[in-house]
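What follows is a set of notes on a single structure, which appears directly below.
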Amino acid sequence: MEKKNIEGFDHIRYQRPSVSKEDLLVKSKEFFEMMDQRRTVREFDKKEIPVEVLENIIQTASTAPSGAHKQPWTFCLISNPEIKKKIRLAAEEEEKVSYGGRMSDTWKDDLKPLGTNWEKPFLEEAPYLIVVFKQSYGMENGKKVQHYYVNESVGIACGFLIAAIHEAGLVAVTHTPSPMNFLSKILDRPSHEKPYLLVPVGYPKEETYVPNISRKELSEVLIKY
Ligand code: IYR
């Protein structure tokens with residue numbers, strides 16, 4: 001292995017296969033077209049999925065870049081029906097309050113095209129729930145470890161997670177019941193970990209419908225200088 005020493009620390013040579021201009025165009029277009037097929041799905045088939053698939057997906061998420069490479073995240077993977085039921089009941093309690101008045105009328109109007117409401121059957125129907133926790137600091141051998149850019153790092157890891165779920169052929173919904181402290185209790189997580197995102201994962205139900213909405217054009221999101 002080719003190495004370099006920089007201020008007392010080993011650096012190893014990193015190489016990627018060189019890609020021609022033509023292949024750059026083909027590969028980037030193909031990846032976009034694959035990702036553009038992703039849709040948020042709230043209706044799951046109960047079909048079983050080997051746990052190794054979820055392990056691979058979570059390992060992919062954990063390859064995300066993070067502040068000072070601290071990887072300030074914990075992924076809880078839930079398939080136990082009793083825990084899923086507890087999560088559903090607690091989430092629905094919060095959502096009832098949210099839809100019942102905590103959310104503004106504008107917010108509720110904005111959600112109308114998505115057809116969401118306080119009921120969250122997918123929290124029991126999806127074969128797996130992934131609950132992502134952000135770690136405000138780490139704990140190693142009883143000692144606090146400082147973490148940096150925690151929100152950014154965990155957000156990027158969630159992006160990788162969602163892409164990995166889609167690439168594997170599964171679907172998910174990024175669910176953020178609010179507040180979601182109940183997840184710390186049910187999953188018995190320590191106080192330096194805060195729930196960040198709840199992601200039910202599975203196969204889509206055989207006949208699934210999603211909102212007829214489209215994405216912004218490139219010209220609406222890109223400014224070239
Ligand atoms: N958390 C609620 C409401 C909700 C909010 C947004 I912003 C969405 O994009 C979708 C839903 C729920 O899950 O129903």
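Quick note: the coordinates plus some simple rules give every number you see, no bench work behind them. These numbers come from a predicted model, not from an experiment. Cβ atoms come from the backbone with ideal geometry, glycine included; neighbour counts cover every protein chain shown.
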Identify, among PRO72, GLN59, GLY115, the residue whose Cα sits farthest towards the positive end of the charge dipole of region 35-131, taking +1 on the Cβ of Lys and Arg and -1 on the Cβ of Asp and Glu, with the dipole about the Cα centre. PRO72
If I require 18 Å or longer along the helix axis, counting alpha carbons, and a Kyte-Doolittle average no lower than 0.0, what helices from the chain are left? Use full DSSP H segments. 150-168
Identify the GluC sites (Glu not before Pro) of region 94-144 meeting these criteria: DSSP loop state and at most 13 other C-beta atoms within 10 Å of the C-beta. GLU119
Report the chymotrypsin sites (Phe, Trp or Tyr not before Pro) located in region 155-216 that are in a DSSP loop and have at most 16 other Cβ atoms inside 10 Å of their Cβ, or state none. TYR209
Over 32 Å between Cα atoms: which of LYS70/LYS96; LYS108/LYS194; LYS96/LYS144; LYS46/LYS108; LYS70/LYS185; LYS46/LYS143 fall into that group? LYS70/LYS96; LYS96/LYS144; LYS46/LYS143
Over the chain: helical MRE at 222 nm, DSSP H runs n ≥ 4 each giving -39500 (n - 2.57), nearest 500: -11000 deg cm²/dmol
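With an 8 Å cut-off on Cα pairs and a minimum separation of 6 or more residues, tell me the relative contact order of the chain in percent.
30
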Residues whose placed amide H lies under 5 Å from that of TYR196, excluding near-sequence neighbours: VAL132, PHE133, LYS134
At most 14 other Cβ within 10 Å, DSSP loop - chymotrypsin sites (Phe, Trp or Tyr not before Pro), region 1-61: TYR14
